[in-house]
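For reference, the structure discussed in these notes is given below.
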Amino acid sequence: MNNAGVIETADGVILVDTCATETRTRSLLDAVDSVTRSGPIVAAINTHAHGDHTYGNSLLPQQTMIIGHEHTRTGMCEDTLLEACPPIWSPMPSWGKVTLRPPLLTTDDRLTLHHGSLRIEVLHPGYPAHTAGDLVVWLPDQRVLFTGDLLFHQVTPLILSGELEGALRALDWIAQFDPAHVVPGHGPVIDADALPGVLESHRRYYEFVRNSADNGRSEGLPPLAVAQRISLEEFAGLPDAERIVLNLHRAYADRTGQAIDIQQAWSDVITLNGGPMATHV
């Protein structure tokens, strides 16, 4: 269950991400209509390529400009989940009438949108983190930051498609914006007072993953065996806790420089979870 955002300007509406399914995206668009003056949706900015933030692009008006990172466009063009979704979730997502609509306008660094008097900055950290193509959306005058999945608030983080060290570096990068309000990719909105604690919780989790992976590798254990024996401690109660094995696969790959065996990683998470992961989309 992802977050999306809406920015109302004098020239129309700008979305930050859409949703995975037709049902959820149509609910999003209804909510947009209820809180704006029904201006046109002039642009939608995708924070990264994953379908829970992008599949609903296809339900936006044809004239809406889809904006994203180069790697987001590449990732979406290579996405096969809508056509052949493996049995890794239960129930299987009911996508509805959504199709792939990748960004038409891309950046590999940064761009700025000017709508009326509003300045909207779209920025890449400069390295892979949650994915290779993460973008944040920053409203400097309002001090509102949309982070996409660089932050998971009260939800287990996921770095399978990115890099562990980049995810750690991104925490300091987010802090330097000094936002008043942060909209994470998943979970409740974060205010300025709560942000340091949220960032520190992420840091502890990523360091826990790194240390667990290093200990496992030193003993010659595969990621699944490490995940099965460790205690998640303070992170055990977070939703999607089974992601630990996916994150361990990422940490192993970062250390060895070898590509992740994606099929094995998903098989391991199903084994650890005792069945497919739960979905509510």
Note to self: Against the conditions (1) β-branched (Val, Ile, Thr); (2) within 20 Å of the chain's Cα centre (by Cα); (3) farther than 17 Å from residue 122 by Cβ, where does residue 54 fall short? Just the number, please.
What the structure shows: (3)
Note to self: Considering only segment 9-22, I want to know if a residue exists there that is out of contact with any Pro (no Cβ under 9 Å at 6 or more places or on another chain) and free of Cβ contacts under 8 Å to residues at least 60 places away in the same chain.
What the structure shows: yes
Margin query: Taking the criterion of being open to solvent by 40 Å² or more (accessible area, probe 1.4 Å), within 24 Å of residue 1 (Cβ to Cβ) and touching a Leu at 6+ places or on another chain (Cβ under 8 Å), would at least one residue in segment 168-184 satisfy it?
Written below: yes
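Just the residues that are touching a Gly at 6+ places or on another chain (Cβ under 8 Å) and surrounded by fewer than 23 Cβ atoms within 10 Å (Cβ to Cβ), please, taken from segment 108-147.
Step one: of segment 108-147, the residues touching a Gly at 6+ places or on another chain (Cβ under 8 Å) are 109, 115, 124-125, 127-137, 146-147.
Result: 109, 115, 124, 125, 127, 128, 132.
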Margin query: Considering only residues that are within 20 Å of residue 17 (Cβ to Cβ) and surrounded by fewer than 16 Cβ atoms within 10 Å (Cβ to Cβ), which ones fall in segment 185-197?
Written below: 188, 189
Check: Is there a residue in segment 247-263 that is closer than 28 Å to residue 46 by Cα, open to solvent by 50 Å² or more (accessible area, probe 1.4 Å) and part of a strand (DSSP E or B)?
Finding: no
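The values are calculated or read from the model by the stated rules, or taken from the named source; none is laboratory data. From a predicted model like this one, the values you see are computed outputs, not experimental measurements. Here Cβ is always computed from backbone atoms with ideal geometry, including for glycine, and neighbour counts include all displayed protein chains. For accessibility, only protein heavy atoms count, side chains too; no ligands or nucleic acids. Shrake-Rupley method; radii C 1.70, N 1.55, O 1.52, S 1.80 Å.
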